[in-house]
Amino acid sequence: MRVLAITLALVASTLATPASAAPPDYGLPGTYPVAYSDVTAVAGGRSVPARVHYPAATSGVNQPVATGRFPAIAFGHGFFQATSKYTSTSTHLASWGFVVVVPTTQGGLSPSHSAFADDLNTGLTWLVAQDGTAGSRFREHITTTALGVSGHSMGGGAAVLAAARNPKITAISTYAAAETNPSAKAAAATLRVPAQFLAGSQDTITPVGEHQRPMFAAKPPSKQLRTITGGFHCGFMDSSGLFCDNGSITRAAQLVAAKRVLTSWFRHYLAGDAAARDFVWGTPARTDSAVTFEGTE
């Protein structure tokens with residue numbers, strides 16, 4: 001009877017213990033509804049039109065921000081590409097608890113990379129100021145010490161320039177970052193914050209060996225170069241436009257892989273998400289069959 005009682009107690013204990021929660025899938029949308037607001041970010045004498053996607057109480061336009069404070073990320077578009085081609089990325093980040101400002105500047109055939117970097121920083125500076133501005137939608141909703149910068153192609157190179165100029169930025173991750181004028185490679189060598197460079201193995205517009213790898217090599221640790229197998233330059237966008245290429249994987253597959261890597265990076269470095277670290281530096285990152293891993297923590 002004593003053995004039976006012990007056995008029953010062990011079974012009851014096992015049934016009462018909840019199963020371990022499954023690890024999050026950062027390639028899938030997060031839990032927050034997403035809203036957006038079109039704004040003019042004004043800071044440091046600059047005036048920058050932008051769209052802001054943010055975690056909201058209800059999805060839609062100009063809805064109240066969700067309860068809490070959230071890290072801020074500035075995202076830069078590619079050369080001659082509409083910002084709408086990156087909506088799935090900015091809304092994805094917002095669903096995971098980030099406020100994402102996307103400047104709509106430098107969209108012509110003769111953009112200034114330097115000015116674009118300043119536009120990205122203007123967006124971040126404006127959001128930090130909004131946290132303390134009475135009547136602002138974003139009042140007391142920005143984690144002012146957790147700022148990130150990102151972007152695709154030209155916008156990725158400009159993000160590197162922005163991070164080199166702004167000591168308040170705490171992490172950077174880019175899609176197919178392009179060498180810029182002034183040099184993003186030279187700027188990368190000065191960065192002391194964690195930086196991640198996402199690439200596509202079949203990118204024919206900013207090939208990894210000519211663009212992202214030189215930046216990665218120049219950057220002191222902490223740094224990563226993550227290359228999507230079969231990925232292509234325009235696979236980081238929601239749809240193709242001028243000057244586009246193709247790869248051996250679908251756009252949908254590439255976007256899921258890219259969002260998984262990008263989101264886990266920012267969740268780790270900006271949001272302090274303990275579960276994200278494994279997807280940045282642990283076994284899941286190093287054994288990801290879709291994305292090769294190179295990095296020094």
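The values are calculated or read from the model by the stated rules, or taken from the named source; none is laboratory data. It should be emphasised that the depicted structure is a prediction, and the values quoted were computed from it without experimental measurement. Ideal geometry is used to build each Cβ from the backbone, glycine not excepted, and the neighbour counts take in all protein chains shown. Note: areas computed on protein heavy atoms with side chains; ligands, DNA, RNA excluded. Shrake-Rupley method; radii C 1.70, N 1.55, O 1.52, S 1.80 Å.
Among the residues of the stretch 246-279, those that are outside any loop (DSSP other than H, G, I, E, B) and free of Cβ contacts under 8 Å to residues at least 40 places away in the same chain comprise Arg251, Ala252, Ala253, His268, Ala274, Arg277.
Checking Ile142, Ile172 one by one, the residue that is open to solvent by less than 10 Å² (accessible area, probe 1.4 Å), touching a strand residue (DSSP E or B) at 6+ places or on another chain (Cβ under 9 Å) and free of Cβ contacts under 8 Å to residues at least 40 places away in the same chain is Ile172 and no other.
Applying the criterion of being of a type in the set (Val, Ile, Thr) and crowded, with 17+ Cβ neighbours inside 10 Å to the residues of the stretch 22-39, the residue that is nearest to Thr58 (Cα to Cα) is Val34.
Yes/no per residue for (1) in contact with a strand residue (DSSP E or B) (Cβ under 6 Å, 6 or more places away or on another chain); (2) among the hydrophobic types (A, V, I, L, M, F, W, C); (3) surrounded by 14 or more Cβ atoms within 10 Å (Cβ to Cβ); (4) farther than 14 Å from Ser173 by Cα:
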| site | (1), (2), (3), (4) |
| --- | --- |
| Ser239 | no, no, no, yes |
| Ile249 | no, yes, yes, yes |
| Ala252 | no, yes, no, yes |
| Leu262 | yes, yes, yes, no |
| His268 | no, no, yes, no |
| Asp273 | no, no, yes, yes |
| Asp278 | no, no, yes, yes |
| Thr283 | no, no, no, yes |
| Arg286 | yes, no, no, yes |
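Here Pro220 meets the list (1) in contact with a Leu (Cβ under 8 Å, 6 or more places away or on another chain); (2) open to solvent by less than 30 Å² (accessible area, probe 1.4 Å) almost entirely, failing just condition (2). Of all residue pairs spaced 6 or more apart or on separate chains, those with beta-carbon atoms under 7 Å, a first member in the stretch 83-108 that is over 14 Å from Tyr175 (Cβ atoms) and a second member that is in a helix (DSSP H, G or I) and of a type in the set (Asp, Glu) are Pro103/Asp119; Thr105/Asp119; Gln106/Asp119. Farther than 29 Å from Leu109 by Cα, hydroxyl-bearing (Ser, Thr, Tyr) and touching a helix residue (DSSP H, G or I) at 6+ places or on another chain (Cβ under 9 Å), is that true of Tyr269? For Tyr269, the condition - farther than 29 Å from Leu109 by Cα, hydroxyl-bearing (Ser, Thr, Tyr) and touching a helix residue (DSSP H, G or I) at 6+ places or on another chain (Cβ under 9 Å) - is met. Is there a residue in the stretch 153-169 that is at pLDDT 95 or above, at negative phi, in contact with a Leu (Cβ under 7 Å, 6 or more places away or on another chain) and part of a strand (DSSP E or B)? No, there is no match, as no residue in the stretch 153-169 is at pLDDT 95 or above, at negative phi, in contact with a Leu (Cβ under 7 Å, 6 or more places away or on another chain) and part of a strand (DSSP E or B).
Is it the case that the stretch 100-119 has a residue that's in contact with a strand residue (DSSP E or B) (Cβ under 8 Å, 6 or more places away or on another chain), more than 17 Å from Gly157 (Cβ to Cβ) and open to solvent by less than 10 Å² (accessible area, probe 1.4 Å)? Yes. Test of understanding: among Val193, Val128, which residue is under 21 Å from Lys223 (Cα atoms), open to solvent by 10 Å² or more (accessible area, probe 1.4 Å) and among the hydrophobic types (A, V, I, L, M, F, W, C)? Result of the check over Val193, Val128: Val193.
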